[in-house]
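Quick notes on the structure that follows.
The values are calculated or read from the model by the stated rules, or taken from the named source; none is laboratory data. Nothing here was measured: the structure is a model prediction, and the numbers come from that model. So basically every Cβ, Gly included, is an ideal-geometry build from the backbone, and we count neighbours across all protein chains shown.
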């Protein structure tokens with residue numbers, strides 16, 4: 001029977017791993033980019049000194065590994081499997097073994113939400129570990145004192161926290177249902193008479209165990225699949241590819257399935273422009289007017305980031321910097337973003353604000369996966385010759401505006417014309433300018449542009 005139970009736990013863990021690794025990987029990338037985990041005692045203390053801080057810290061520590069989707073999927077699979085095993089260990093389930101998977105499935109459903117934070121899973125685990133240890137203490141007054149002290153400590157490290165969901169003042173029902181079930185289900189098992197469902201033949205025991213496990217797995221597995229937000233996953237995929245400048249992969253993706261959301265169209269057009277194909281192949285793909293070219297910047301933490309990537313590649317460094325900074329400030333739980341810190345370091349380096357760039361790079365030096373970038377970039381500060389020779393920063397410095405002008409949040413041809421005619425090597429700006437006239441149907445503007453180009457040549 002123990003072998004069979006171990007197989008069920010393994011099957012559950014593999015299912016979680018495959019789901020997040022294959023079907024939901026970009027939700028994990030999304031989580032990673034909206035935090036900045038620092039190996040710094042001041043950072044750690046600022047977290048653990050708050051109620052629920054230990055669970056929050058453990059969650060943030062694990063989330064930094066979500067930069068690699070399969071590693072993140074493995075972490076989630078291990079944590080949810082551990083929740084199931086501890087739920088099982090808290091009671092002698094017998095034929096009700098399948099119920100030990102309920103808290104883990106509820107937490108799986110909770111994690112489908114991009115605003116669900118991993119600290120919540122650790123809060124459940126810390127609670128279970130505490131109960132598991134307390135139930136094994138010998139009876140007596142010492143046990144009662146230890147239980148009282150343990151509850152005070154547990155309240156501080158896990159119960160009292162509010163950082164389990166990204167949106168403040170929101171009650172994550174699924175999370176608390178999972179937390180409640182992880183404690184209540186074992187207690188209910190204790191009061192169920194052992195004679196209920198008791199069978200003596202091993203074959204009948206296996207059938208009973210397997211039936212309840214399969215019923216639990218089918219019901220909750222169906223709920224997981226139906227509640228998964230695959231539309232958001234696709235949007236996050238485009239954002240991830242733009243972040244890592246995977247232009248070829250973007251084109252392969254849009255050729256297979258045309259995007260029908262603003263972020264997808266924005267990233268699609270940027271990839272086309274990076275290959276010099278935007279003006280020529282503009283209407284071979286879904287478009288959203290000029291809103292799919294350089295959308296108006298919104299006051300949230302997600303939608304401005306791909307637009308900021310287009311600003312950055314065009315050489316609109318100040319605009320990109322402002323957009324990224326405002327997006328970071330709009331993160332709902334007031335965390336900092338490793339992705340935004342990296343881009344802010346780059347933009348300040350390009351415009352020559354070296355001390356500001358140094359501030360961001362010094363912070364990134366305290367991270368696990370951005371440390372190499374910081375160490376490679378710090379020697380460039382103030383080194384004008386090295387920056388000029390850099391394939392990315394040198395090019396973007398040359399592409400920047402040659403004169404000051406009033407900037408509007410709305411895309412205008414004057415912005416793009418200023419970019420291109422300040423540096424006619426900025427082919428990206430020309431691609432966007434042609435696309436702007438084509439999307440707005442401005443034939444006169446397009447004709448005048450062609451005249452200017454002929455005079456320039």
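If you go through region 247-259 and keep only what is assigned to a loop (DSSP other than H, G, I, E, B) and surrounded by 17 or more Cβ atoms within 10 Å (Cβ to Cβ), you end up with just 259. Listed by position, the helices (runs of 4 or more DSSP H) inside region 23-72 whose residues that are farther than 26 Å from residue 359 by Cα number at least 2 are 25-33, 53-63.
I'm checking my understanding of the structure. Among residues of region 260-276 that are within 12 Å of residue 248 (Cα to Cα) and surrounded by fewer than 23 Cβ atoms within 10 Å (Cβ to Cβ), which one is nearest to the chain's Cα centre (by Cα)? So the residue we want is 274. Kindly check whether there is at least one residue in region 64-86 that is modelled with pLDDT under 95, surrounded by fewer than 20 Cβ atoms within 10 Å (Cβ to Cβ) and farther than 28 Å from residue 186 by Cα. No, region 64-86 has no match at all.
Let's see how each residue does on (1) assigned to a helix (DSSP H, G or I); (2) crowded, with 17+ Cβ neighbours inside 10 Å:
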site	(1), (2)
355	yes, no
360	yes, yes
368	no, no
374	yes, yes
382	no, no
385	yes, no
394	yes, no
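A quick yes/no check of all residues on (1) in contact with a helix residue (DSSP H, G or I) (Cβ under 9 Å, 6 or more places away or on another chain); (2) touching a residue at least 40 places away in the same chain (Cβ under 8 Å):
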| residue | (1), (2) |
| --- | --- |
| 353 | yes, no |
| 356 | yes, no |
| 360 | yes, no |
| 370 | yes, no |
| 383 | no, no |
| 387 | yes, no |
| 393 | yes, yes |
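Inside region 229-245, residues that are out of contact with any helix residue (DSSP H, G or I) (no Cβ under 6 Å at 6 or more places or on another chain) and either in a helix (DSSP H, G or I) or surrounded by 17 or more Cβ atoms within 10 Å (Cβ to Cβ) (or both) make up a count of 5. When restricted to residues that are surrounded by 23 or more Cβ atoms within 10 Å (Cβ to Cβ) and under 18 Å from residue 36 (Cβ atoms), region 306-337 contains 3.
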